[in-house]
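For reference, the structure is listed below as structure tokens.
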Amino acid sequence: MSFLDRINACKLPDLSAYLPLVVDGEIVGYLKPGLAVKLKDFQDTFAVTEDGLELNSKLQSIKERTQGVGEVVEALMRSGVVSGWRGEKYKVARTYSAPTVFEIERAAVPLFGTIGCSVHMNGVTWRNGEFCMWVGRRSLSKPIGPGKLDQMVAGGQPIGISVKDNLIKECAEEANIPAEISILSKPVGAITYIVEQSEGLRRDVLFIYDLVLPEDFIPENTDGEMEGFRLMTMNELISCVEETCDFKFNCAFVVIDFLIRHGYIKPDHKDYLKLINGLHNSHLLD
């Protein structure tokens, strides 16, 4: 096993197996033909063609589209097609920075193959002279990746809140980090990828932050989404990501990015450029 194995596990799927979701002439998502068949029952919202899926032309405003799609997603939830309801709306657009065409329930994002965004924070500190990272273990009740290792703090990026404010909120909920500490977190980049997972097509943008925590700080989960936390030395962290699949797949990406940025994976590593390239899929960007 290797760092590159972690990256290669997230290979770009064959999008020809999907039908495009088109709004205003732009592709904003991808869905399996089986789902498109189910959507033929919702002609007030969707028009299904041989080439893909479009919104009903009568839905012109963001509000009308959001309401129409929302009613369909709720019906899919009642029939068991959509699970893990979050009650959070995500932006739907051609790329991350393109204008919003409608909003969709977070749980339905992979099914419709629209872009999903989240924020991940590496919480690091010094302990007994060694640089260490706090790692969380996801709750066994999580719908995705139950029991897997995760960043100290991570969460979806819904509409209506800035990335930094969302991170501060997640810091309080997931690790009981006071705002006066979490506000010191630094944005250090983003990771983008497209991968097929059991929940559907993931086209994700992860905004990455680093936060140096006081040596005596001990995280405590307050929202039930973490089983607990473990402080890992860099050697333990490297071994865990390189030799096991204990980390949730995208959380392993965040750790690899951290190891590259902080010089633990060096330019003379045989896979250095492949790792960097594998963490950034330009299809989601302008």
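I'd like the orientation of helix 163-175 relative to the chain: the angle between its Cα long axis and the longest Cα principal axis, in ° from 0 to 90, rounded to 10. Relative to the chain, helix 163-175 is tipped by roughly 60 degrees.
Between amide H atoms placed 1.01 Å from N, distances below 5 Å from residue 225 occur with no residue 5 or more places distant or on a separate chain. For the set 142/248; 11/274; 38/89, the pairs lying more than 19 angstrom apart at their alpha carbons are 38/89. Rolling a 1.4 Å probe across the protein heavy atoms gives the chain an accessible surface of 47 Å² per residue.
With contacts taken as Cα pairs under 8 Å at a separation of at least 6 residues, the chain carries a relative contact order of 21 percent. Comparing 275, 111, 15 in a Gaussian network model of the chain, where Cα atoms under 10 Å apart are tied by springs, the biggest mean-square fluctuation is seen for 15. Between the stretch 51-130 and the stretch 209-271, what is the C-alpha centre distance in whole Å? Distance between centres, Cα-based: 27 Å.
Highest average first, the peptides 21-30, 246-255 ordered by how many other beta carbon atoms sit within 10 Å of their residues are 246-255, 21-30.
Amide H contacts of residue 193: 204, 281, each under 5 Å away and 5 or more positions distant or on a separate chain (H built 1.01 Å from N in the peptide plane; Pro and chain starts excluded).
Estimated from helical segments only, the mean residue ellipticity of the chain at 222 nm is -8000 deg cm²/dmol, where each DSSP H run of four or more residues counts as -39500 (n - 2.57). Taking the longest Cα principal axis of the chain as reference, the axis of helix 249-261 is set at about 50 degrees. Expressed as an acute angle from 0 to 90° and rounded to the nearest 10, what is the orientation of the C-alpha long axis of helix 234-243 relative to the principal long axis of the chain? Between helix and principal axis, roughly 40 degrees. For residue 91, the aspartates and glutamates whose Cα comes closer than 14 Å to its Cα, not counting residues fewer than 8 places off in the same chain, are 103, 105, 204.
As a fraction of the 1.4 Å probe accessible area of the chain, surface on carbon and sulfur atoms comes out at 51 percent. Summarising the amide proton neighbourhood of residue 115: residues at separation of 5 or more, or on other chains, whose placed amide H is nearer than 5 Å comprise 93. Looking only at the chain, where both bridge partners belong to it, what percent of the DSSP beta bridges are antiparallel (to the nearest 5)? Counting DSSP beta bridges with both partners in the chain, the antiparallel share is about 75 percent.
The values are calculated or read from the model by the stated rules, or taken from the named source; none is laboratory data. The structure presented is a predicted model; accordingly, all values stated were derived computationally and were not measured. Note that we place each Cβ from the backbone using ideal geometry, even for glycine, and neighbour counts take in every protein chain shown. Protein only, heavy atoms only, side chains kept; ligands, DNA and RNA dropped before computing areas. Shrake-Rupley method; radii C 1.70, N 1.55, O 1.52, S 1.80 Å.
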